[in-house]
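Here the structure comes first, spelled out in structure tokens, and everything after it is commentary.
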Amino acid sequence: MRLAARLSRKVHEVKETVTDVLLAALARAKQKGELKLDAQPAVLLETPREKSHGDLATTLALTLAKPESKAPRKIAEIIIANIRDEAGIIEKAEIAGPGFINFFFKQDRWKQTLFEIDAEGAAYGLKNVGKGKKVLVEFVSANPTGPLHVGHGRGAAVGDALANLLSSTGFVVTREFYINDAGRQIRLLALSVYSRYQQALGNAVPFPEDGYHGAYVEEIAQGFTKLHGDRYLRVPFDDCLDIFGDYGKEMMLADIRTDLDSFGVRFDVWFSEASLLKDGSVRRSLDELLESRNCYEQDGALWLRSTTFGDDKDRVVIKKDKSYTYLATDIAYHRNKLGRGFESLVNIWGADHHGYIPRVQAVIQAFGHGKDALHVVLVQLVAILRHGQPVPMSKRAGTFVTLRDVIQDVGSDAARFIFLTRRSDSHLDFDLDVAKEQSRENPVYYVQYAHARLASLMREAESRGIAVPGKDGVNIALLDLEEEQNIIKALAKYPEVIEDAALAYEPHRLTFYLQDLAGLLHNYYFKHRVITEDTARTGAKLFLMKQVKTVIQSALAILGVNAPEKM
RNA sequence: GCGCCCAUAGCUCAGCUGGAUAGAGCAACGGACUACGAAUCCGUAGGCCAGAGGUUCGAAUCCUCUUGGGCGCACCA
């Protein structure tokens, strides 16, 4: 029964199988008294960089050297002597270097990968590591006081790809946009629109010093005029703040939605900060924290006792003047998130907010959840380059590059891919000219071209009346070229890449994987012809190419990038 | 002053929970189109992993310090 279970394991679970084999070998050695094994060692397996080091290697003998007080190579010998490969996947195991044990698999084992991809299609490689766990991914969350800029674009690309990645690996994901529609910024937007409105109608009021200077404010004022005429001309600002604020906010939100839509990003929930104030949940949250003594009053203000949970100092949530700080609404917001049954909260934030993390983690803990229920992904700023020169950006001067500009300039695919070509917390130089270039220098085209090439190949085969064989009609043993082996191994690695990327919250790993896979494909494709006189071999190669196409396509889908059939 | 992040080829960056000879791309130089898409491929060159200690069988990776960058340290949002 157990043997059957092991045999039925998929190729990408070969690691687990070898782990079992090793654990069994250790148990046997212990039984025979060859090893003491006072503590169960962790069995770590990794894919060696160097091909001559086999398909999988373990450092088990090295880590056991000390507790066993034996030479590592001697321990390796003992382990190998006790290996019983019931699943029959190991061709040989050899000792190398200081005591590595290198496993070489039977060729057939790798080739099973191709049958798996063929059978599972887009679902190949998607392990259920999430097990239905509910995750909330909150991202972009821009103030509705201006258009989205490139920084938001990066956050959108990272957040959306991460959400795709998580839902592909068995998490139940909700995408949420937190609308910062309470407080000063909205008031400032209202005042800015109000001023432009008055000015447009000939009432020369001064424009607020710290107002929003962008041209979009004038457009909003124009729209407002169309709707309301001169009804609010010479009405004091304080008497019409809300109507200007609401109108401006709605217009900006509509704008933001449009941009995100053309970027291929959709949210499940648009959550209003103002609603937390309106429905009293801020008040209730704070009462609850007072009750649990995580809040206290001092010097006429209300404080969160965040130091209990590792913050540097306690934080004010209600100021002396009785108004709330930003943290107050954030407390209510995160309480709300937890109350909706999410077991894991992922927040995508600009890196400049990193100092805020301990505070919010304290909030999570004050509500009785583990610190790790919240995971913050930091996204660094983006510098836009044109002709290799940085484009100066200033929010005050209104000269920042908007996401819309970038999408129009280089396209959504290129923008998304490039945003994901770096770890999110590392600084990114986005060169608009490179992003438009159609060459190796531009990783998007490099990968998309690989897919288009394969699509073209399939068309070519079809036009010649050659069908891609099914699993019963293909002789996979004919895939004996070194380049073919390399490609197959890369395909076999895909499930691990997906899983690791999801668990580390690092979608960029997928872009690197894709570039590697595309590189292998281009290399192979250049050196060898797929369609030849040899029909059996042609069939096997086409079968392989089909699987490569599937994997490229599904990885690109996770990144939110198109896989074109033609370019 | 305190805290967080970072420092890897000329440039931009990978390097998975420490592992075997540190990898890509660009730029430079030299090659490959009568063949399924040359938006491609191959080769050459390029490194004291910022510096100094420490931990251990083994360090780019972990710890400490130094130097040099970025960011945060509000009863702002």
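The values are calculated or read from the model by the stated rules, or taken from the named source; none is laboratory data. The shown structure was predicted, so the numbers you read here are calculated from the model rather than taken from an experiment. Methodologically, a virtual Cβ is constructed for each residue, glycine included, from the backbone with ideal geometry; neighbour enumeration extends over all protein chains shown. Surface accessibility is based on the protein's heavy atoms, side chains included, excluding ligands, DNA and RNA. Shrake-Rupley method; radii C 1.70, N 1.55, O 1.52, S 1.80 Å.
For the stretch A:551-567, which positions are farther than 15 Å from A:THR421 by Cα and either within 13 Å of RNA strand B (Cβ to nearest atom) or open to solvent by less than 30 Å² (accessible area, probe 1.4 Å) (or both)?
Matches in the stretch A:551-567: A:VAL551, A:ILE552, A:SER554, A:ASN562, A:ALA563, A:PRO564, A:GLU565, A:LYS566, A:MET567.
Of everything in the stretch A:292-334, what is out of contact with any Asp or Glu (no Cβ under 9 Å at 6 or more places or on another chain), polar (S, T, N, Q) and buried (at least 17 other Cβ atoms within 10 Å of the Cβ)? Give them in sequence order.
Scanning the stretch A:292-334 gives a single hit, A:THR325.
Can you work out which of the residues in the stretch A:436-463 that are over 25 Å from the mean Cα position of the chain (by Cα) and within 6 Å of RNA strand B (Cβ to nearest atom) is modelled with the lowest pLDDT?
Ranking the qualifying residues of the stretch A:436-463, first place goes to A:SER439.
Per-residue answers, yes or no, for (1) surrounded by 20 or more Cβ atoms within 10 Å (Cβ to Cβ); (2) within 10 Å of RNA strand B (Cβ to nearest atom); (3) at pLDDT below 85:
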| residue | (1), (2), (3) |
| --- | --- |
| A:LYS395 | no, no, yes |
| A:VAL406 | yes, no, no |
| A:ALA415 | yes, no, no |
| A:THR421 | no, yes, no |
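Scan the stretch A:142-161 and tell me whether some residue there is at pLDDT 90 or above, part of a helix (DSSP H, G or I), buried (at least 23 other Cβ atoms within 10 Å of the Cβ) and of a type in the set (Asp, Glu).
Checking the stretch A:142-161: at least one residue is at pLDDT 90 or above, part of a helix (DSSP H, G or I), buried (at least 23 other Cβ atoms within 10 Å of the Cβ) and of a type in the set (Asp, Glu).
Could you tell me whether A:ALA504 is of a type in the set (A, V, I, L, M, F, W, C), more than 25 Å from A:GLN107 (Cβ to Cβ) and free of Cβ contacts under 8 Å to residues at least 12 places away in the same chain? Walk me through how you get there before you give the answer.
Numbers: of a type in the set (A, V, I, L, M, F, W, C): yes; more than 25 Å from A:GLN107 (Cβ to Cβ): yes; free of Cβ contacts under 8 Å to residues at least 12 places away in the same chain: yes.
Yes.
Determine if the stretch A:279-297 includes at least one residue that is near RNA strand B (Cβ under 9 Å from one of its atoms) and at pLDDT below 95.
Our first condition is that a residue be near RNA strand B (Cβ under 9 Å from one of its atoms); within the stretch A:279-297, this holds for none.
No - not one qualifying residue is present in the stretch A:279-297.
With the condition being within 10 Å of RNA strand B (Cβ to nearest atom), I'd like the helices (runs of 4 or more DSSP H) fully within the stretch A:16-125 carrying at least 2 qualifying residues.
Working: elements: A:60-68, A:72-81, A:107-120.
Fully inside the stretch A:16-125 and qualifying: A:60-68.
From (1) under 33 Å from the mean Cα position of the chain (by Cα); (2) open to solvent by 50 Å² or more (accessible area, probe 1.4 Å), pick out the condition that doesn't hold for A:GLU533.
Just one mismatch for A:GLU533, condition (1).
Do you know which of the residues in the stretch A:337-349 that are touching a strand residue (DSSP E or B) at 6+ places or on another chain (Cβ under 8 Å) and open to solvent by 30 Å² or more (accessible area, probe 1.4 Å) is nearest to A:LEU277 (Cα to Cα)? Please lay out each step first, then the result.
Taking the stretch A:337-349 and keeping what is touching a strand residue (DSSP E or B) at 6+ places or on another chain (Cβ under 8 Å), we get A:337-338, A:340-349.
If we keep only those that are open to solvent by 30 Å² or more (accessible area, probe 1.4 Å) too, we end up with A:340-341, A:343, A:349.
Working: A:ARG340: 18, A:GLY341: 21, A:GLU343: 24, A:TRP349: 23 Å.
Out of the qualifying residues, it is A:ARG340.
Can you tell me how many residues in the stretch A:518-543 are within 12 Å of RNA strand B (Cβ to nearest atom) and either assigned to a helix (DSSP H, G or I) or over 21 Å from A:GLY470 (Cβ atoms) (or both)?
Residues meeting the conditions: 17.
Can you find a residue that is free of Cβ contacts under 8 Å to residues at least 24 places away in the same chain and open to solvent by less than 70 Å² (accessible area, probe 1.4 Å) anywhere in the stretch A:264-274?
Narrowing the stretch A:264-274 to residues free of Cβ contacts under 8 Å to residues at least 24 places away in the same chain: none.
Among the residues of the stretch A:264-274, not one is free of Cβ contacts under 8 Å to residues at least 24 places away in the same chain and open to solvent by less than 70 Å² (accessible area, probe 1.4 Å), which makes the answer no.
Checking the structure you have, find out if any residue of the stretch A:498-510 is near RNA strand B (Cβ under 7 Å from one of its atoms), on the phi < 0 side of the Ramachandran plot and of a type in the set (Gly, Ala, Ser).
Yes, the conditions are met somewhere in the stretch A:498-510.
Name, by its number, the condition in (1) open to solvent by less than 20 Å² (accessible area, probe 1.4 Å); (2) over 17 Å from A:THR532 (Cα atoms) that does not hold for A:LEU454.
Looking at each condition in turn, A:LEU454 falls short on (2).
Checking A:TYR494 against (1) closer than 20 Å to A:ARG422 by Cα; (2) within 12 Å of RNA strand B (Cβ to nearest atom); (3) among the aromatic types (Phe, Trp, Tyr), which test does it fail?
(2)
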